[in-house]
């Protein structure tokens, strides 16, 4: 299991945010909300610095249009920047697009569409449509945050963590989608402690116990 946070903890700069959590998490989810010339230039300018950190990365593709999501996906696929996963929303027209192999579909609160690789947002499921059981073998990434029953991306709560426990398997990517540095890191530690107690520890915890690698 690998534990991560998003790239939006103190603003949009991927590199600034990644530096804040380097050594404390396994990966960072790079949040790309749209794709245009300005965004491409900013992202391109951050990649070398990101590659120099002791971190791995996933990408959340743009959420505005399938065309922008495809353009961003192709940018990363054509680059030499290594990724663990690319999360995609079920945008209108997504089925008519040829996606890179690393793309995984995410469930929304009110919409679930199947893809052989799946990013499961547990909090979306708690607030809306539950994920069908037959999707579970296809989950490659889990998104977690707290909820008060109305909104998500709150500090992780004990009830949501308990619901996540059956999904915390050895190969799972677990991203805390909480947009506050302290709350995100507290969530990472809570998941790590819970997983360690159940014998499902994260890579970063193993490295810390061994003195790093």
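Coordinate-derived values only; no laboratory data. No experiment lies behind these values; they were computed from the predicted model shown. Every residue, glycine as well, gets a Cβ built from its backbone with ideal geometry; the counts of neighbours run over all protein chains shown.
Of the residues making up the stretch 155-185, those that are closer than 23 Å to residue 19 by Cβ and either touching a helix residue (DSSP H, G or I) at 6+ places or on another chain (Cβ under 8 Å) or in contact (Cβ under 8 Å) with a residue 60 or more places away in the chain (or both) number 13.
You will find that of 63, 80, 58, the residue that is outside any helix (DSSP H, G or I) and in contact (Cβ under 8 Å) with a residue 60 or more places away in the chain is 58 and no other.
Among the residues of the stretch 122-152, the ones that are more than 18 Å from residue 25 (Cα to Cα), surrounded by 15 or more Cβ atoms within 10 Å (Cβ to Cβ) and in contact with a helix residue (DSSP H, G or I) (Cβ under 8 Å, 6 or more places away or on another chain) come to 8 in all.
Of the residues making up the stretch 186-198, those that are surrounded by fewer than 18 Cβ atoms within 10 Å (Cβ to Cβ) and either farther than 18 Å from residue 26 by Cβ or touching a residue at least 12 places away in the same chain (Cβ under 8 Å) (or both) are 186, 190, 194, 197, 198.
Assigned to a helix (DSSP H, G or I) and closer than 30 Å to residue 16 by Cα: is that true of residue 152 in this structure?
no
The residues in the stretch 109-140 that are more than 19 Å from residue 161 (Cα to Cα) and not in a strand (DSSP E or B) can be counted, and the count is 13.
Within the stretch 165-185, the set of residues being part of a helix (DSSP H, G or I) and surrounded by 21 or more Cβ atoms within 10 Å (Cβ to Cβ) comprises 184 only. On the given criteria, is residue 95 without any contact (Cβ under 8 Å) to a residue 24 or more places away in the chain, more than 12 Å from the chain's Cα centre (by Cα) and not in a loop (DSSP other than H, G, I, E, B)? Yes: the conditions hold for residue 95.
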